[in-house]
1. Please count how many residues of the stretch 32-57 are without any contact (Cβ under 8 Å) to a residue 60 or more places away in the chain and either over 18 Å from Met139 (Cα atoms) or not in a helix (DSSP H, G or I) (or both).
2. State whether one or more residues within the stretch 68-75 are closer than 16 Å to Val117 by Cα, modelled with pLDDT under 95 and either touching a Cys at 6+ places or on another chain (Cβ under 9 Å) or not aliphatic (A, V, I, L, M) (or both).
3. Looking for whichever is in contact (Cβ under 8 Å) with a residue 40 or more places away in the chain and surrounded by fewer than 20 Cβ atoms within 10 Å (Cβ to Cβ) here; the options are Leu19, Leu8. Which one fits?
4. Has the stretch 48-58 got any residue that is at negative phi and at pLDDT 95 or above?
5. Scan the stretch 152-174 and tell me whether some residue there is in contact (Cβ under 8 Å) with a residue 12 or more places away in the chain, in contact with a His (Cβ under 9 Å, 6 or more places away or on another chain) and either surrounded by 21 or more Cβ atoms within 10 Å (Cβ to Cβ) or aliphatic (A, V, I, L, M) (or both).
6. When the residues of the stretch 111-127 are filtered to those that are outside any helix (DSSP H, G or I) and either under 8 Å from the mean Cα position of the chain (by Cα) or aromatic (Phe, Trp, Tyr) (or both), which remaining residue is nearest to Ala91 (Cα to Cα)?
7. For the stretch 64-82, give me each residue that is touching a helix residue (DSSP H, G or I) at 6+ places or on another chain (Cβ under 9 Å) and more than 10 Å from Val95 (Cβ to Cβ).
8. Of all residues in the stretch 77-109, how many are touching a residue at least 40 places away in the same chain (Cβ under 8 Å), within 14 Å of Ile178 (Cβ to Cβ) and in a helix (DSSP H, G or I)?
Amino acid sequence: MIYFYYSLLAVISYFVGNLNFGRVFGKLNHKDVTKSGSGNPGTLNTWRACGFWPGVFTFVCDMLKGVVVCLSAYFIFKYNGGNSEIAIYVAGFSVVLGHIFPVVFRFKGGKGIATSVGVFLVANWWVTLIAFAVMLICMLFVKYASIFTIGFVIVMSIVEICLCNPANWVNYILISAILTVVLISHRSNIYRLFTGKENKTELWAMVKGIFKKKDKTN
């Protein structure tokens, strides 16, 4: 019976992952983010297409998808006779998979970084916050943001595998699966990095541009 509940959790989490807030905030700003810039309905492309706040809201909402399903899984299984640690990663992998390959959008979704942050926050919040802060600082000063978004998921996956209870060996598979689908979603970035053709992300310039706009309005 417990396997039925894990399966139900996976299905629900997958469809929660199908919610794409880049598309939502794009429409609210009368833009189709899938037809702007890189075409990826994620944080940075939404920021480029619609502005700073739509980009921030996209990141926060996509992250909350991971937080909500994993926290819900943790408490439901903890107090109803299941394994809460396994439940976190069942929900986590499923929500990330749903975000990257959403059936409602013909399997064309985001790249899973924000949602993965939400999953890892529930699993080990303090490690995630440190890794995320380092990633952000590095992204401000290096022009290739994809290096650090990919690096963040790789580092967090390794850390999570090291911290997992060995008795819950299935978590090793689920964490590796999260890493695998995120790497698949970044396959074009990885190819361009190795060939020297990766698009530059001037994150610091984008941040400075926000303050310049404020100065002009004032």
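1. Count: 12.
2. No; the residues of the stretch 68-75 include none that is closer than 16 Å to Val117 by Cα, modelled with pLDDT under 95 and either touching a Cys at 6+ places or on another chain (Cβ under 9 Å) or not aliphatic (A, V, I, L, M) (or both).
3. That would be Leu19, the only listed residue that is in contact (Cβ under 8 Å) with a residue 40 or more places away in the chain and surrounded by fewer than 20 Cβ atoms within 10 Å (Cβ to Cβ).
4. Step one: of the stretch 48-58, the residues at negative phi are 48-50, 52-58.
Filter once more, so that each one left must be at pLDDT 95 or above: 57-58.
There is at least one residue in the stretch 48-58 that is at negative phi and at pLDDT 95 or above.
5. Yes: the stretch 152-174 contains one or more residues that are in contact (Cβ under 8 Å) with a residue 12 or more places away in the chain, in contact with a His (Cβ under 9 Å, 6 or more places away or on another chain) and either surrounded by 21 or more Cβ atoms within 10 Å (Cβ to Cβ) or aliphatic (A, V, I, L, M) (or both).
6. To start, the set of residues in the stretch 111-127 that are outside any helix (DSSP H, G or I) comprises 111-112, 124.
Then drop every residue that is not either under 8 Å from the mean Cα position of the chain (by Cα) or aromatic (Phe, Trp, Tyr) (or both), which leaves 111-112.
Working: Lys111: 17, Gly112: 14 Å.
Among those that are outside any helix (DSSP H, G or I) and either under 8 Å from the mean Cα position of the chain (by Cα) or aromatic (Phe, Trp, Tyr) (or both), it is Gly112.
7. Hits for the stretch 64-82 are Leu64, Leu71, Ser72, Tyr74, Phe75, Ile76, Phe77, Lys78, Asn80, Gly81, Gly82.
8. 13
The values are calculated or read from the model by the stated rules, or taken from the named source; none is laboratory data. Everything quoted here is computed from the prediction, not taken from an experiment. All Cβ positions, even for glycine, are placed from backbone atoms using ideal geometry, and neighbour counts span all protein chains on display.
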